[in-house]
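Enquirer: Take a look at this one; I'll ask things after.
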Amino acid sequence: MKPAPFEYRRPDTVEEVLHLLAEYGDEAKLLAGGQSLIPTMNFRLAQPAVLIDLNAVKGLDSVDEADDGGLRLGAMVRQAAAERSALVAEKVPLLAETLPFVAHAQIRNRGTIGGNLAHADPRSELPAVMLALGASVRVRGPDGERSIGAGDFFTGFFGTALEEGELLTEVVLPPAVEGGGQAFLEVSRRLGDYAMVGVAASVVCDPAGRCHRASIALLSVGSRPMLAEQASACLVGERPSSAAVLAAGHAAGNKDIDPQADMHASVAYRRHLATVLVRRALTAAFERAGCVMGEGAS
Ligand SMILES: Cc1cc2nc3c(=O)[nH]c(=O)nc-3n(C[C@H](O)[C@H](O)[C@H](O)COP(=O)(O)OP(=O)(O)OC[C@H]3O[C@@H](n4cnc5c(N)ncnc54)[C@H](O)[C@@H]3O)c2cc1C
């Protein structure tokens with residue numbers, strides 16, 4: 001199918017984008033990599049009167065070290081560019097590990113980091129990574145600039161905290177901390193398919209070897225990416241052990257999530273996947289954090 005007719009604008013600056021957004025309001029759509037938006041338009045599920053192409057806008061595609069040692073990724077950084085970036089691999093290894101799971105190489109060549117987050121598909125990998133790492137996004141709009149934590153950004157099914165007239169400009173990832181380790185795992189029918197369930201886990205151990213922080217984010221288990229709070233509670237303050245990790249997996253699969261069935265997986269299968277993947281991801285994350293895993297409870 002072909003999209004409905006639309007007017008095409010190609011601004012050079014963020015200021016021009018904001019001006020066009022203010023002029024056209026909800027008649028306009030921003031075009032980043034187009035990997036989600038264009039199919040939606042071709043199916044006529046979206047029929048924007050005006051398409052504002054971000055691809056010529058200057059200053060949105062840089063990858064920089066942040067002042068605090070973390071990472072700043074421009075919204076228009078291609079997923080493939082982030083995947084190949086030595087700085088991303090050094091500063092945010094969890095993101096580098098996860099990017100190959102996002103769609104297919106051809107899609108990652110065009111798809112952007114900002115477009116992926118703004119699209120807020122509950123099956124997407126990157127929102128879960130942002131949640132697990134406590135990242136934030138910067139947005140600019142008619143009232144200036146603001147920063148939104150990942151926990152507040154994903155509001156529901158394909159929903160974000162972006163307001164009318166706002167543009168996501170940058171993603172800010174915190175620096176790695178001493179004693180930290182992360183891992184990403186997912187199960188999909190074929191590599192490149194959307195996952196039936198995925199897990200991004202980030203743990204921090206204190207010098208005494210106890211778990212100080214555990215952020216476990218799941219995707220494809222509800223209307224938006226979510227943190228498994230009850231699973232984390234099984235670990236924080238404890239010495240990491242196979243028993244604690246087993247309990248965390250059980251809590252994630254049976255208490256934290258309320259998944260739906262679809263043509264790809266039943267509710268029971270999604271709960272099973274979450275249980276197993278959380279256990280495996282946590283085991284890998286603690287190992288990478290250099291934590292010695294005991295057998296039983298501490
Ligand atoms: C076959 C296929 C398989 C896929 N598999 C996966 C997968 O396994 N995992 C996964 O995560 N994704 C998957 N995707 C989606 C892919 O990652 C897209 O790249 C991504 O969802 C959207 O990024 P984009 O840059 O193409 O954004 P676009 O399609 O251009 O835009 C998406 C939405 O975000 C808005 N938007 C874009 N940029 C901004 C901005 N800077 N500020 C505010 N709003 C903005 C647009 O207006 C639009 O509403 C798949 C896509 C396809 C076609």
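Enquirer: Where Lys and Arg each count +1 and Asp and Glu each count -1, what net charge lies around Ala118 among other residues with Cβ under 11 Å from its Cβ?
Expert: That works out to -1.
Enquirer: Considering only C-alpha atoms, what is the centroid distance from the stretch 78-117 to the stretch 182-259, in Å?
Expert: So the two Cα centres are separated by 21 Å.
Enquirer: Size of the dipole of the chain about the Cα centre, Lys and Arg at +1 and Asp and Glu at -1 on the beta carbon, nothing else charged, in debye to 20? Working shown, then result.
Expert: On the way: 28 positive and 36 negative charges, 229 e Å.
Around 1100 debye, computed over the chain.
Enquirer: Past the 13 angstrom mark, what percentage of all C-alpha to C-alpha distances in the stretch 7-53 do you count?
Expert: 54 percent
Enquirer: Related question: Let me know the whole percent of all Cα-Cα pairs from the stretch 180-288 that are separated by more than 23 Å.
Expert: 22 percent
Enquirer: Of the GluC sites (Glu not before Pro) in the stretch 151-209, which ones lie in a loop per DSSP and count no more than 16 other C-beta atoms within 10 Å?
Expert: Passing both the DSSP loop test and the Cβ count: Glu163, Glu164, Glu178.
Enquirer: Using the Cα atoms of the chain, I'd like the radius of gyration and the largest Cα-Cα distance, Dmax, both in angstrom.
Expert: For the chain, the Cα-based Rg and Dmax read 19.7, 64 Å.
Enquirer: Still on this structure: Treating cross-link reach as a plain straight distance, find the aspartates and glutamates whose alpha-carbon is under 19 Å from the alpha-carbon of Lys2, omitting any fewer than eight places away in the same chain.
Expert: Within the straight-line limit of under 19 Å, Lys2 reaches these aspartates and glutamates: Glu27, Asp53.
Enquirer: Hey, quick one: spin label on Asp193, modelled 7 Å out along Cα-Cβ, who in the stretch 254-270 has an amide N within reach, i.e. under 20 Å?
Expert: Of the residues in the stretch 254-270, 259-270 have backbone N under 20 Å from the label point off Asp193.
Enquirer: Are there cysteines in the chain with no other Cys C-beta under 4.7 Å, and if so, which?
Expert: Cys211, Cys234
Enquirer: Which of Ala268, Pro100, Leu54 sits closest to the plus end of the dipole of the chain, meaning its Cα is farthest towards the positive end, when Lys and Arg get +1 and Asp and Glu get -1 on the C-beta?
Expert: Of the options given, the answer is Ala268.
None of the figures in this text is laboratory data; all of them are computed from the coordinates on show. No experiment lies behind these values; they were computed from the predicted model shown. With ideal geometry, Cβ positions are generated from the backbone for all residues, glycine too; neighbour counts draw on all protein chains shown.
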